[in-house]
Amino acid sequence: MASHARYPKWMGEWLSALSIGMGAMDEATWAPFDIFRLFPYFSDLAIERAKEAYDRIEERKVAPISLAKKLNSPQVTRIEAYLGAFELKASGLHKSGIGPQLYGLYDRILRSQCQRDFYGVNSSYVHTNKELGELAQKTPWQNGTPEHGREIGRLINSLSQLSWSLYSDYFYPNSYKNLGPYTVNLEGKKTLIVREYTDCKPVDLWPESRRNPVKHVKILTAYNPRVGIGMDWIEHIYSKGSLPQNLSHFAIWADGKWIPMEEAVELRRKLEQIAGEQFERFSNLGFEEIKKKLLDARYFELRGFYSELGMDWKPSSEMLERVGGKPLLPTQYPKNMGNTQWKAYWRKFFDPRSDFFPEGWKTAKAVQNL
């Protein structure tokens, strides 16, 4: 794999976006556990799989737009870039030719998915101006009030909790995506957020989910611009003001139809119960089952991508063997750092052009200690 290829110039912008989002997180809260303590066992195998996919794309001259359409959102691509950086460095392959090749591919896919801000510095901007105009004109908008805003917040929370309990903290973009913020004209300029939950019934992962009350939900909310909305690279929404207090218009769509608020309230109540049951189901899995479920969820969100290339999406038997019966690796993070220090740390941690990486998380060492 040796090569003189260089990483693309946009790496600095991507690392800036990544470090901002990571600097605001607390790894102690990641559930069910920190996957960086598990993934080193098979990081070399993950890069081998990515290399095979890249080679097939090149041989078949598959257009980036075709691959982009097989991924649920730019967030999926950004997570692959984030995990790819980790796996390149854990496996020691960050100085080989595959690294620049993969990041060139991620860039091309993101440019097919997004209209701008490809790396998610402060938005997830995927709709064209024409699409936004059609949304503004053709959506059956309802006028919003603070109470509507609070109820929509409860619905969003129930759907988000369901996504997390189906896919984990890491791979909820299998279903859940936040898009925007956009500017639209609804009785004057408004800030639009499109929230979408595309697969609330992943029966291939959780056969029990076939009983869930809904599969696909879209929530469109338009706010007074003064609320000041932004997003980070993983589509966490932040705002200067209260979202419910600034809700101007909204519309809710579920499994093929626009629904009134009364129906949305009833759906929310069902989802709260289902999400609680699913959270308990996930929490009650044994450690070995949880490890397998995380590998399944990671590759499940790439199933369309791999199918397009004629590859099996499921984790390989060797990947599963590498983690089977193995404990989590020891944590490697420094302690007592502020937000600015954490941003700098994560920037070095993920930069594949740098050798900086925790020694105990290198794949060869992890495998030797099995």
- Item | Tally of residues being crowded, with 16+ Cβ neighbours inside 10 Å and acidic (Asp, Glu) across region 1-33 | 0
- Would you check if Gly180 is over 14 Å from the mean Cα position of the chain (by Cα), within 21 Å of Leu247 (Cβ to Cβ) and of a type outside the set (Val, Ile, Thr)? yes
- Note on the structure: Over region 22-38, the set of residues among the charged types (D, E, K, R) and assigned to a helix (DSSP H, G or I) is Glu27, Arg37
- Among all residue pairs at least 6 apart or on different chains, which show Cβ distances below 9 Å where the first residue, located in region 334-359, is free of Cβ contacts under 8 Å to residues at least 40 places away in the same chain and farther than 23 Å from Ser91 by Cα and the second is of a type outside the set (A, V, I, L, M, F, W, C) and not in a helix (DSSP H, G or I)? Gln341/Pro334
- Message: Any residue in region 238-250 that is more than 15 Å from Gly188 (Cα to Cα) sitting within a Cβ distance under 7 Å of a residue that is assigned to a strand (DSSP E or B) and modelled with pLDDT under 95? List the pairs, counting only those 6 or more apart or interchain.
- Response: Tyr238/Gly230
- Within region 58-65, is even one residue surrounded by 14 or more Cβ atoms within 10 Å (Cβ to Cβ) and either without any contact (Cβ under 8 Å) to a residue 24 or more places away in the chain or polar (S, T, N, Q) (or both)? no
- Does Arg268 count as among the basic types (Lys, Arg), touching a residue at least 12 places away in the same chain (Cβ under 8 Å) and more than 29 Å from Glu359 (Cβ to Cβ)? yes
- Item | Verdict on Phe36 being under 17 Å from the mean Cα position of the chain (by Cα), crowded, with 16+ Cβ neighbours inside 10 Å and of a type in the set (Phe, Trp, Tyr) | yes
- Evaluate the following for Lys70: is it in the same structural domain as Lys314 (by TED's automatic domain parsing), closer than 19 Å to Ser307 by Cβ and assigned to a helix (DSSP H, G or I)? no
- Is it fair to say Pro244 is under 24 Å from Asn122 (Cα atoms), surrounded by fewer than 17 Cβ atoms within 10 Å (Cβ to Cβ) and in the same structural domain as Asp169 (by TED's automatic domain parsing)? no
- Message: Checking the condition modelled with pLDDT of 95 or more and either touching a Lys or Arg at 6+ places or on another chain (Cβ under 9 Å) or among the β-branched types (Val, Ile, Thr) (or both), which residue from Ala2, Ala90 passes?
- Response: Ala90
- Task: Return the residue satisfying two criteria in turn: it lies in region 285-302 and is touching a residue at least 60 places away in the same chain (Cβ under 8 Å) and charged (D, E, K, R), and of such residues it is surrounded by the most Cβ atoms within 10 Å (Cβ to Cβ).
- Result: Glu301
- Those residues that are surrounded by fewer than 18 Cβ atoms within 10 Å (Cβ to Cβ) and either among the polar types (S, T, N, Q) or within 24 Å of Tyr167 (Cβ to Cβ) (or both), I need them from region 249-267; list them, please. Trp253, Asp255, Gly256
- If you scan region 347-368, which residues turn out to be surrounded by fewer than 19 Cβ atoms within 10 Å (Cβ to Cβ) and not basic (Lys, Arg)? Ser354, Asp355, Phe356, Pro358, Glu359, Gly360, Ala364, Val367, Gln368
- Tell me which residues, restricted to region 9-21, are under 20 Å from Gln75 (Cβ atoms) and in a loop (DSSP other than H, G, I, E, B). Trp10
- Query: Regarding Glu80, is this residue part of a helix (DSSP H, G or I), acidic (Asp, Glu), farther than 27 Å from Asp199 by Cα and assigned by TED's automatic domain parsing to the domain that holds Leu15?
  - Reply: no
- Among residues belonging to region 313-333 that are touching a Phe, Trp or Tyr at 6+ places or on another chain (Cβ under 7 Å) and in a loop (DSSP other than H, G, I, E, B), point out the one that is surrounded by the most Cβ atoms within 10 Å (Cβ to Cβ). Pro315
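Can you work out which of the residues in region 225-236 that are in contact with a strand residue (DSSP E or B) (Cβ under 6 Å, 6 or more places away or on another chain) and modelled with pLDDT of 95 or more is nearest to Gln75 (Cα to Cα)?
Ile229
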- Go through the residues of region 304-311 one by one and say whether even a single one is free of Cβ contacts under 8 Å to residues at least 40 places away in the same chain, closer than 26 Å to Tyr41 by Cβ and assigned to a helix (DSSP H, G or I). no
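The values are calculated or read from the model by the stated rules, or taken from the named source; none is laboratory data. These numbers were taken from a predicted model, which means no experiment stands behind them. Glycine gets a Cβ as well: all are built from the backbone with ideal geometry, and neighbour counts include every protein chain shown.
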